[in-house]
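Here's a structure for you.
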Amino acid sequence: ASGGNGGAITYASSDTAVATVNDSGVVTLVGAGATTVTASEAQTASYLTQNDAYTLTVVRGDGTGLNAGVDMNKTTDDGSFTQVASGGNGGAITYASSDTAVATVNDIGVVTLVGAGETTMTASEAQTANYLTQNDAYTLIVTQASQRVESINSTRYAFAALHSGGSVTTWGNGSYGGDSTSVSNKLDGSKPVVKVDSNNYAFAALHSDGSVTTWGYERYGGDSSSVSNKLDGSKPVVKLDSNNYAFAALHSDGSVTTWGDERYGGDSSSVSNKLDGSKPVVKVDSNNYAFAALHSDGSVTTWGIYGGDSTSVSDKLDGSKLVVKVYSAVYAFAALHSDGSVTTWGLSAYGGNSTSVSDKLDGSKPVVKVDSTDRGFAALHSDGSVTTWGLSAYGGNSTSVSDKLDGSKPVVKVDSTDRGFAALHSDGSVTTWGNGDHGGDSTSVNDKLDGSKPVVKVDSTGYAFVALHSDGSVTTWGDERYGGDSTSVSDKLDGSKSVVKVYSTSYAFSALHSDGSVTTWGHSAYGGNSTSVSDKLDGSKSVVKVDSTEGGFAALHSDGSVTTWGSSYFGGYSTSVNAKLTGTLSDYYDYHDTDRDGIQNIDELGTCSVPYSIASEDLGHPPCQSAGEPDSDGDGVWDNVEGTNGSNPLKASYQDSNNDANGDGSPDSWILPDDGLNVPIL
């Protein structure tokens, strides 16, 4: 202070939260606000005390700048990352993304990538007592990662590859699903596809929101415009099923929508009151021409032809005796009841009439599984015996081997070609019957199927069988042209390089070896000759799974790339889309979980070693876990196998077909593992 009369001067601030002042008049700013700073002169001998004051206003400052981070470029395959803002003045910091379709960010700066695009990531510091609010931002650009192929599906004539980002690539016969340009905007991953299903002539893609996109031969399901309002996701579809010519979509409320050829199940209007969800459907099965819907109360509803009319057995399918599984041949159905009895319907001569063996299918000796050729059935009983019916030339008559199917040497699994059966016994031996030219006669290899070198798994084309032995070797029989003769590659199938799985088209086989290489044989034009791609199938880039059409193969490699061979008419030539089928990371599949079963690929592939187990409960199942097939419960049996044989794919057990772990009132085996929107993986 200046002036005065020589008296002692003191200073004071009316709000020390704004400023303080010492005895020398030095003012220290403390915080934003207004304060009165007063100077007081003490009384002297000649003069009175006096005061004077000024108002000091302190405004909030900028302080230390906030740094949100530098501009970044990421790909959709990059994982979440944390970007915490630095600097600032101690205020609370929040984060925001300008486009949450590209990336989201939480309160602690963890950024989650959502999709391709550009977004501004902003960090905001709240105002404090002394400092103003401030913002800083960086630009995040996310580009679409190379879309590795996760799975492959097929019609008879074309393939559809589902990529890691939910997009789909198709190739093969354009009329039957190989050309998807008409729906390319729906298959680009903007609305991710989680599962692709097919019938013989068309595809149906299930999206993450429960909507469905279709393409392929319009009459047989490629055109779903007539039911588009039911497939738009407003009532999510959770599973797609099909016969040869039509589709059936199961909704989350248990209702069913159908489309495709009206004669063969595409039109379900005659039973619409039974498929409206009032009595929820839990599973839809089919033969070639009809559908059978299994309801939550164990009753069955049918539509279509050749099995679509079940009125003759309606009293057995009304739920009074629960149906737990429906099996089919080409023209008939067989329903397995909870008491182990079986009810059949459809074309009488082709398996629809089982009166000749009704005493064996009445549940007195429970049936546990039913298999079929095109026109014959084989029922496996709980004691390991087998009962057959249907057309004799298609395996419906097994009297010639009845002494081998009576249970004295229990059968654990029955497999089939289109006209022949092969029964795998508990000792690893095999018995065959049916049309000899289609694998029903195995006398030429009897010495290899007698159990001395146990068989652990049997597979087939339409015309021939292949038996995988416990030592990883393979034996074949049936039509020599279509896979029954493997002498040309016998040195590769002798077990010196173990076979772990055999795949087939209708006319050829491909064997996947433990080192990731592939050996093929059968009709050369339909997949049996792979010399044109032999450098890609030699194991240098491991194959993890093989898919097929009627006459073409597609091998999925460990880096997410795909190799095709076989008839170009059946998708065996993929040059037009090769750029989309090229993988990027050599070790991607090792530490990735391709089949989403909770088991890393490297661990699944590590389960495979010879000799394969010949325990009766293991026989007939794949001997190794596979990175290309889901095994949710980790019991070594793929989900699709367990779902088919009445076991629960969520529980490591083979004999739990009536288990209801989720308490939904239905056996768990009816509903397969979920992915996202209750969408079954399989």
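List the relative contact order of the chain as a percent without decimals, with contacts defined as Cα pairs under 8 Å and 6+ residues apart. Mind showing how you got there, number by number?
Numbers: 1950 pairs, mean separation 45.9, N = 682.
The value is 7 percent.
Same structure again: Under a Cβ-only charge scheme (Lys and Arg +1, Asp and Glu -1), can you give me the dipole magnitude of region 45-105 about the Cα centre, in debye to the nearest 20?
On the way: 2 positive and 6 negative charges, 43 e Å.
Here region 45-105 has a charge dipole of around 200 debye.
No solvent, one uniform scatterer per C-alpha: report log10 I(q)/I(0) for region 212-251 via the Debye equation at q = 0.19, 0.20 1/Å, two decimals.
Each listed q corresponds, in turn, to -0.51, -0.56.
Using a cut-off of under 18 Å, list every residue of region 113-143 whose amide N is near the label point 7 Å from the Cα of Asp78 along the Cα-to-beta-carbon line.
Of the residues in region 113-143, 113-123, 137-143 have backbone N under 18 Å from the label point off Asp78.
Now for a separate question. Determine, from the Cβ-Cβ distance of Thr582 and Asp318 and an R0 of 56 Å, the FRET efficiency 1/(1 + (r/R0)^6), rounded to the nearest 0.05. The partial results should precede the final answer.
Values: r = 54 Å, r/R0 = 0.97.
Efficiency computed from Cβ-Cβ geometry: 0.55.
Put +1 on the Cβ of every Lys and Arg and -1 on every Asp and Glu Cβ in region 150-309; which of Gly308, Phe247, Ser190 then has its Cα farthest towards the positive end of the dipole?
Projecting each Cα onto the dipole axis, the largest value belongs to Ser190.
Take the Cβ-Cβ distance between Ser2 and Thr100 as r, set R0 to 41 Å, and report the resulting FRET efficiency rounded to the nearest 0.05. Show your work: numbers first, answer last.
On the way: r = 62 Å, r/R0 = 1.52.
Efficiency, rounded to the nearest 0.05: 0.10.
Can you spot the lysines whose alpha carbon is less than 23 Å from Lys279's alpha carbon? Ignore those fewer than 8 places along the same chain.
Leaving aside lysines fewer than 8 places away in the same chain, those within reach of Lys279 are Lys230, Lys235, Lys239, Lys316, Lys321, Lys325.
Once the other residues with Cβ under 11 Å from the Cβ of Ala161 are scored (Lys, Arg +1; Asp, Glu -1), what is the net sum? Write out the running numbers ahead of the final one.
On the way: positive: Arg148, Lys580; negative: Glu150, Asp547.
So the environment of Ala161 carries a net charge of 0.
Okay, moving on. Contour minus end-to-end for Thr112 and Thr44, with contour as 0.36 nm per residue of separation and end-to-end as the Cα-Cα distance? Please list the in-between numbers first.
On the way: separation 68, 0.36 × 68 = 24.48 nm, distance 7.43 nm.
Additional length available on full extension: 17.1 nm.
With the cut-off at 1.5 for a/c, could you classify region 519-579 from its C-alpha gyration tensor as rounded, prolate or oblate? Spell out each step's value before the answer.
Values: a/c = 1.76, a/b = 1.27, b/c = 1.39.
Note, shape of region 519-579 comes out oblate.
So what is the relative contact order for region 66-143, in percent, with contacts set as C-alpha pairs under 8 Å and at least six apart? All intermediate terms of the calculation are to be shown ahead of the outcome.
Details: 194 pairs, mean separation 29.2, N = 78.
Reported as a whole number, the value is 37 percent.
Take every Cα pair under 8 Å in region 113-268 that's 6+ residues apart, average their separations, divide by the length, and report that relative contact order as a whole percent. Before the final figure, lay out each step's value.
On the way: 379 pairs, mean separation 19.8, N = 156.
The normalised contact order for region 113-268 reaches 13 percent.
Please compute the modelled spin-label separation between Ala17 and Ala53, points set 7 Å along Cα→Cβ, answer in nm with one decimal.
The modelled label-to-label distance comes out at 1.8 nm.
For a quick size check, give me the Cα extents of region 404-485 along its three principal axes, largest first, whole Å.
Computed over the Cα atoms, the extents are 32, 27, 18 Å.
Taking 0.36 nm per intervening residue step and subtracting the Cα-Cα distance, what contour gain separates Asp297 from Asp309 on full extension? Can you show the working numbers first?
Details: separation 12, 0.36 × 12 = 4.32 nm, distance 1.99 nm.
Residue separation times 0.36 nm, minus the Cα-Cα distance, leaves 2.3 nm.
Normalised by the empirical 2.2 N^0.38 Å for globular proteins, what value does the Cα Rg of region 150-309 take?
Values: Rg = 14.7 Å, N = 160, 2.2 N^0.38 = 15.1 Å.
After normalising by residue count via 2.2 N^0.38 Å, the value is 0.97.
While we're here: If N is the number of residues in the chain, what value comes out of its Cα radius of gyration divided by 2.2 N^0.38 Å?
Numbers: Rg = 35.2 Å, N = 682, 2.2 N^0.38 = 26.3 Å.
My calculation over the Cα atoms of the chain gives 1.34.
If I take all pairs of Cα atoms in region 324-397, what percentage of them are more than 14 Å from each other? Walk me through the numbers before you get to the answer.
On the way: 1313 of 2701 pairs.
That fraction is 49 percent.
I've got another one for you. What value, in deg cm²/dmol to 500, does the helix sum -39500 (n - 2.57) over DSSP H runs of n ≥ 4 give at 222 nm once divided by the residues of the chain? Let's see the in-between values first.
Working: 2 runs with 12 residues, N = 682.
Using -39500 (n - 2.57) per qualifying helix, the result is -500 deg cm²/dmol.
Shifting gears a bit: Which part of region 162-201 falls in the paramagnetic zone of Asp209, meaning amide N under 19 Å from the point 7 Å along Cα-to-beta-carbon?
Correct set: 165-168, 183-196.
I would also like to ask the following. Mind putting a number on the dipole of region 456-574 about its Cα centre? Charges go on the C-beta only, +1 for Lys and Arg and -1 for Asp and Glu, and I need it in Debye to the nearest 20.
Numbers: 8 positive and 13 negative charges, 41 e Å.
That gives region 456-574 a dipole magnitude of about 200 debye.
Can you list the equivalent-ellipsoid semi-axes of region 66-143, largest first and in whole Å, using the square root of 5 times each Cα gyration tensor eigenvalue? It would help to have the intermediate numbers written out before the result.
Values: eigenvalues 122, 20, 19 Å².
Taking √(5λ) for each eigenvalue gives 25, 10, 10 Å, largest first.
Run the dipole for the chain about the Cα centre, Lys and Arg Cβ at +1, Asp and Glu Cβ at -1, nothing else charged, and hand back the magnitude in debye, nearest 20. Don't skip to the end; give the middle numbers.
Values: 39 positive and 81 negative charges, 213 e Å.
About 1020 debye.
What FRET efficiency comes out for Ser24 versus Asn135 if R0 is 51 angstrom and r is the Cβ-Cβ distance? Round to the nearest 0.05.
Numbers: r = 41 Å, r/R0 = 0.80.
So, using R0 = 51 Å, E works out to roughly 0.80.
Once both labels are modelled 7 Å past Cα along the beta-carbon direction, what's the Thr36-Asp515 spacing in nm?
It works out to 9.6 nm between the two label points.
We did not get these values from a lab; they are worked out from the coordinates using the rules stated. Model, not experiment: these values are computed from the prediction. Don't worry about glycine lacking a Cβ; one is built from the backbone with ideal geometry, like all the others, and counts go over all protein chains shown.
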